[in-house]
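Novice: One structure, pasted below without further comment.
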Amino acid sequence: MTTALHRARFTDRTAMVTGAGSGIGRAIALALAAEGGHVVAVGRRQELLEETVALIEEAGGKALAVSADVARATDVQAAAAAAVEHFGSLDVAVNNAGVFRGGAPLADLTEEDWHTQLDVNVTGVFLALRAEIQQMRTQPTGGAIVNIASIFGAHARNPGAAAYAATKAAVSALTRGAALDHIGDGIRINAVSPGAVQTPMSLRPGETDADRSARARATLPLGRISTTREVAAAVLYLASDDASSVVGTDLVVDSGATA
Ligand SMILES: NC(=O)c1ccc[n+]([C@@H]2O[C@H](COP(=O)([O-])OP(=O)(O)OC[C@H]3O[C@@H](n4cnc5c(N)ncnc54)[C@H](OP(=O)(O)O)[C@@H]3O)[C@@H](O)[C@H]2O)c1
């Protein structure tokens, strides 16, 4: 019996990743490319997207940077169209772009911060889903979509994050509803809900990396927060044929925080 040392589950598939210029999104983009996927890296800051593309190309992969604001329908449609124009199809999409404007009690949240989180985290995911599904349902092979929610939405309770939690609960609900609406089109839609991940977003105000590690040791069953690669591994599973009968699930990757 031979054992495959390296799997390439996305060979010749095109994958669009929003928020691919940093953090979890960049890790997902690199992981998809490492398994043969052609990556369309989407976000607002072109220079960060170009860095992601360079990392993929240095490793021998193919990628394209497309600057877009996910809260603008025309931008998102253009990004999906660019994927098809450049690589010929849109087979996988990861809706990862998101913002956190928290830390204070709800009564102290500004309307601006409320609207920013709704615009990016909820409207952005809706607009991306719509553009991606409209393309994927024209393809005989359909597609697979993974939305990045958060345990703060449907799984955990945390002070100082009520508005962010509401947006991420909406992502979990959007995922389930869209999954039911479009599995008949051959499109599988799922979510990943991370707990604290090793990016600046999980640092509390004034906290250093070392402070965060100490907090994780004291509070998380695993004793540490998740790496971006661990979240990417869950996303790739759901986006791959390994998950061919997984529809509308919300996979928690949280070091045991909600176990
Ligand atoms: N880190 C955690 O502990 C954690 C836990 C649970 C869930 N999450 C979720 O995981 C996702 C990634 O977070 P992260 O930790 O990797 O943070 P991050 O490094 O700040 O990544 C967020 C990405 O989203 C992009 N983005 C923000 N607004 C956008 C917009 N309007 N249009 C297009 N792109 C936009 C940003 O790029 P530009 O600013 O250049 O556009 C950035 O690359 C988010 O949805 C977050 O809510 C994170």
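The values are calculated or read from the model by the stated rules, or taken from the named source; none is laboratory data. Note that this is a predicted model, so its numbers are computed, not measured. Neighbour counts run over all protein chains shown; Cβ positions are idealised from the backbone, glycine included. To get the accessible areas, we keep the full protein, side chains included, count just its heavy atoms, and leave off ligands, DNA and RNA. Shrake-Rupley method; radii C 1.70, N 1.55, O 1.52, S 1.80 Å.
Novice: Using θ = phi - 60° and the Karplus form 6.51 cos²θ - 1.76 cosθ + 1.60, what ³J(HN,Hα) does each residue of segment 112-117 get, whole Hz, x for Gly and Pro?
Specialist: Per residue, the Karplus-derived 3J(HN,Hα) values read 4, 5, 4, 5, 4, 5 Hz.
Novice: Leaving out ligands and nucleic acids, and using a 1.4 Å probe, what accessible area per residue does the chain come to in Å²?
Specialist: That works out to 48 Å² for each residue.
Novice: On to the next question. Membrane-span-like helices in the chain: DSSP H runs reaching 27 Å or more (Cα, own axis), mean Kyte hydropathy at least -1.0?
Specialist: 162-182
Novice: Can I ask one more? What number, rounded to the nearest 500 deg cm²/dmol, is the helix-based mean residue ellipticity at 222 nm of the chain, given -39500 (n - 2.57) per DSSP H run of at least four residues and division by all its residues? Don't skip to the answer; put the middle values down first.
Specialist: Numbers: 9 runs with 108 residues, N = 259.
For the chain, the value works out to -13000 deg cm²/dmol.
Novice: Okay, next question. Show me the ranking of peptides 115-122, 167-174, 185-192, 199-206 by mean Cβ neighbours inside 10 Å, starting with the highest.
Specialist: Ranked from most to least packed, the peptides come out as 185-192, 167-174, 115-122, 199-206.
Novice: When the solvent-accessible surface of protein heavy atoms is calculated with a 1.4 angstrom probe, in what order do T141, T208 fall, highest first?
Specialist: Values: T141 110, T208 70 Å².
Final ranking, largest accessible area leading: T141, T208.
Novice: Under 5 Å between amide H atoms, partner at least 5 residues away or on a different chain: which partners does V252 have, H built in plane at 1.01 Å?
Specialist: Hits under the 5 Å cutoff: S193.
Novice: Right, another one. If you roll a 1.4 angstrom probe over the protein chains with everything in place, what fraction of the accessible area of the chain belongs to carbon and sulfur, to the nearest %?
Specialist: That share works out to 53 percent.
Novice: With the radius of gyration and the Kirkwood radius both derived from the Cα set of the chain, what is their ratio Rg to Rh?
Specialist: Values: Rg = 17.6 Å, Rh = 18.4 Å.
Computed over Cα atoms, the ratio is 0.96.
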